[in-house]
Structures are given as structure tokens and as C-alpha cells.
1. Connecting C-alpha atoms closer than 10 Å in a GNM of the chain, tell me which of I314, I397, I229 has the biggest fluctuation.
2. Relative contact order for region 32-135: what percent, with Cα pairs under 8 Å and sequence separation of 6 or more?
3. In the chain, what % of DSSP beta bridges are antiparallel (nearest 5)?
4. Quick check on the chain: helices-only [θ] at 222 nm, where DSSP H runs of length 4 and up contribute -39,500 (n - 2.57) each and the sum goes over total residues. Nearest 500, please.
5. How large, in percent, is the carbon and sulfur part of the accessible surface of the chain at a probe radius of 1.4 Å?
6. Please give the per residue accessible area of the chain, computed with a probe of 1.4 Å over protein heavy atoms only, in Å².
7. Based on the mean of other Cβ atoms within 10 Å per residue, sort peptides 134-140, 321-327 so the most packed one is first.
8. Need one number: convex hull volume per residue for region 332-372, Cα atoms only, in Å³.
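The values are calculated or read from the model by the stated rules, or taken from the named source; none is laboratory data. Note that the coordinates shown come from a computational prediction; the quantities given were computed from them, not determined experimentally. Reconstructed Cβ throughout: ideal geometry from the backbone, glycine too, with neighbour counts over all protein chains shown. These area figures cover heavy atoms from the full protein model, side chains too; ligands, DNA and RNA do not enter into them. Shrake-Rupley method; radii C 1.70, N 1.55, O 1.52, S 1.80 Å.
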Amino acid sequence: MFALSSGMPPAAIAVLRISGPAAGPALEALAGRLPAPRRASLAELKDAAGAPLDRALLLWFPGPATATGEDLAELHLHGGRAVVAAVEAALGVLPGLRRAEPGEFTRRAFLNGRIDLAEAEGLADLLAAETESQRVQALGMASGHVSRAVMGWQERLLALMAGAEAELNFADEDDVDVYEGTAQRLVSGMAELAAELGLWLARPAAEVIAEGLSVVIAGPPNAGKSTLINALAQRELAIVSPVAGTTRDVIETPLALDGIAMRFSDTAGIRTESADDVEAIGIGRAKAAVEAADILLWLGPPAEAPAHPRRLLIAAQADRWRGDAAAEVQAARCDLILSAATGEGMDRLHAAIVEMARALLPREGEAALRQRQRAALAEAKDWLSIEAGTREDEDMILIAERLRLAATSLDRITGRAGVEDMLDALFGRFCIGK
């Protein structure tokens with residue numbers, strides 16, 4: 001298979017990648033020779049009829065120590081559209097070659113054991129990253145941060161599985177070490193591992209970074225919500241009007257503050273009585289958005305603010321109420337005084353939102369799990385957790401089955417390990433099968 005692996009032309013350089021058993025013959029067909037492995041070589045490329053195509057750099061990587069785990073070649077061409085099209089046409093008529101499907105290079109890397117599922121997901125996130133926090137998180141996963149943690153858990157789990165298997169099937173062998181209280185020792189090891197998995201599950205989900213934190217602006221009608229989101233977005237996103245009930249639906253816009261992806265939402269004014277049925281629907285959606293928000297910006301009387309673990313009480317429209325004694329008293333009970341129209345307090349708001357957001361993100365050096373990975377990890381934790389007093393903690397058959405199911409769950413995170421690994425641990429540790 002072959003595909004353009006650089007940006008769409010025109011560009012200074014275009015990189016065409018070829019992978020599979022036909023990669024070497026393709027180089028010989030176009031360049032007339034196979035260059036030295038892993039050394040750039042300049043060559044004239046010609047099509048099957050001998051017509052010149054381009055003067056390009058060739059790179060030849062014999063498998064399996066390549067990105068895809070198979071023979072790999074790269075053609076570094078001049079990046080014009082016509083050049084790329086001509087070389088692709090020449091490759092397309094060669095036997096054993098076809099255009100790659102989307103993601104096929106990464107898929108082959110996984111199938112050939114060069115990367116695992118978690119690393120593949122990290123690579124996909126890295127390609128889609130738009131903010132600094134997304135880049136850092138995706139790079140960590142693509143570099144194997146999660147995979148290394150899973151590998152460590154699997155090794156500990158395999159040791160427990162080998163101990164259970166030895167107790168069940170080989171206790172009468174002279175060269176197998178069997179101890180009294182094996183069941184209790186295994187259950188204790190399972191509890192320790194389950195506790196560690198629980199710490200990982202307590203971390204923020206990777207989707208929070210990839211999709212952005214939800215920041216909802218809410219309050220009564222005419223509180224300045226639409227003016228604020230327009231000021232944050234630096235464009236006329238929402239209609240600003242003195243007429244109560246102008247905003248009828250949730251208006252959302254993606255923004256990045258200090259490299260953190262966020263989704264800011266302007267909502268309908270919340271009040272007990274609505275002017276019509278459409279506004280009532282908007283109020284219902286606003287309340288639902290508040291409940292689902294990661295961060296709530298409340299522009300209204302502090303006493304009317306919904307309960308929320310991460311909220312900022314904002315005395316908005318300061319340019320209008322300055323000098324009003326009652327308004328000044330109410331503003332003193334808020335976290336911030338703000339005027340989106342004049343810019344007063346906008347820097348403080350920015351800093352406060354970023355501070356709250358950082359508390360919701362993984363700390364430096366920590367990796368977050370995607371929903372699929374979290375589900376598998378939670379399932380493994382459940383299988384490792386045995387309730388005291390159920391007599392399950394004394395039944396070696398049930399313990400062995402729980403260990404097997406936990407291993408299966410962990411395997412779904414990376415797509416690696418399995419029965420053969422358990423057998424290796426078993427026979428290696430207990431000298432069975434000599």
C-alpha cells in the first residue's frame with residue numbers, strides 16, 4: 001500500500017510512504033535500484049515507460065524494525081500537485097500496490113505489534129490536538145505512558161494467576177512451592193492491585209481534555225450573559241438585546257484559555273415564570289446545561305445561584321450599577337466584579353477560570369484514560385474486589401476465575417497479553433514441564 005504522508009500539496013516537500021512486501025520492488029521499479037537501508041539516497045524516478053517523474057530522496061527501511069512492522073519505503077518528492085499525482089499514478093500500476101485506506105498504516109503497526117491500542121488512540125488524539133493541554137496528553141499516551149502502567153498491572157496479575165494455577169493443578173508436584181494461606185495471600189494481592197486501579201479511575205477522563213471543559217454562563221434575563229460570551233469569543237456570537245428572553249437556546253462556542261480547550265455556553269435567562277412555551281423550553285435547557293457544567297459562571301443575585309461544586313459568582317454590568325447602594329452590597333457578596341463592555345475584571349475572570357480548569361485536568365506527568373479504557377479498568381477493578389465474609393475469599397476456583405476475568409479486562413486496554421503470558425509466568429516461576 002502507499003499514501004501521501006505529508007500535508008496536501010503544494011508544499012516544499014511531499015513524502016510518499018510505501019509499506020508491505022511490495023515496497024522494495026516499488027523502489028527498484030521507480031529508481032532502478034534498492035538504496036542502502038536507513039540512508040537517504042538521491043535518485044531519478046521514472047515510470048514504467050521510462051518517462052522521468054522527479055528527482056527525489058529515497059529511504060529504505062527493511063522490516064520488521066519499522067513504523068509498521070513490515071518493509072517500508074519513503075519517497076521525498078518536490079511538493080507540487082502534478083509531481084505527486086504522477087508518482088502516485090506510477091505506483092498505482094505496479095503489482096501488489098494499492099492506495100492505503102484511512103488509518104491503515106497505524107492499523108498495520110498495531111497488528112504487527114509495533115504499537116498497542118492505547119498508543120494508537122494517543123496517536124489519533126495527537127493528530128487532532130489543537131491546544132497545548134491536548135498535545136501534552138496525547139503525546140503521553142502515544143509514547144506509551146498508559147501502556148507501561150497496564151504492563152506493570154498485567155505482570156502483577158500474571159504472577160497472581162500463576163500462583164492460583166499452581167495451587168489448583170500442581171500442588172502435588174515436588175518442585176512447586178505451595179504455601180499455607182495461599183487464598184488469603186492472593187486476595188490481599190488482588191486488593192492492593194484494585195486499590196491502585198481505583199486511583200487511576202479517580203483521575204479526570206481524557207475526554208475532558210480532548211473535547212474541552214464545559215463552562216456555562218447562566219443567570220436571570222438581562223444579566224449580561226450574551227455580552228460576556230461575545231467578549232470572551234471576541235465576536236458577535238449571541239444577540240444582545242434589552243428585551244428579556246432574547247436568548248432562547250444554548251449557544252456554544254469552543255475557546256482555548258492558556259492552552260486549555262473549553263466550550264463556553266450562553267444560556268436562556270432563568271426565571272420562574274416564562275413569557276411563552278418556547279422560552280420555557282430554553283429555560284429547561286439552561287438548567288440542564290448548568291447541571292452538566294464543569295464550571296458555572298453565575299451572573300445574578302448570589303442568593304439565587306444554583307448549587308455547583310465549581311462556580312464563580314459574578315457581579316456583571318458594573319458599568320451600569322456603579323453608585324447604586326443596593327447593587328454595591330450585592331456585588332460585595334460575589335467573587336468577581338465585571339463589565340464585559342468596558343473590560344473591567346476580564347483579566348481576573350480569565351485567571352479564575354483557568355485556575356478552576358487546571359484543578360479538573362491531570363497533574364503534570366499524569367496520564368488520563370479514555371472512556372473505553374476507563375470502562376475496561378473499572379471492570380478489572382470489580383473482578384479484583386472480593387467482598388469480605390462471602391466465603392469467596394476462600395474458594396480457589398472462584399479466585400482463579402476472577403483473576404482470569406480481570407486479566408481479560410486489562411487486555412482490552414492495550415490488546416496485548418493473554419493465556420500464553422500466564423503460562424509463561426506459570427512454567428517459568430514453578431519449573432513445571434521440565
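1. Ranking I314, I397, I229 by mean-square fluctuation puts I397 first.
2. On the way: 117 pairs, mean separation 18.7, N = 104.
Taking the mean separation of contacting Cα pairs over the length of region 32-135, I get 18 percent.
3. Values: 30 of 46 bridges.
The answer is about 65 percent antiparallel.
4. Numbers: 16 runs with 199 residues, N = 434.
After summing the helix terms and dividing by residue count, I get -14500 deg cm²/dmol.
5. Working: 11720 of 22010 Å².
Of the solvent-accessible surface of the chain, carbon and sulfur hold 53 percent.
6. On the way: 22010 Å² over 434 residues.
Roughly 51 Å² per residue, with all protein chains present.
7. Ranked by mean Cβ neighbours within 10 Å, highest first: 134-140, 321-327.
8. Taking only Cα atoms, region 332-372 has a hull volume of 109 Å³ per residue.
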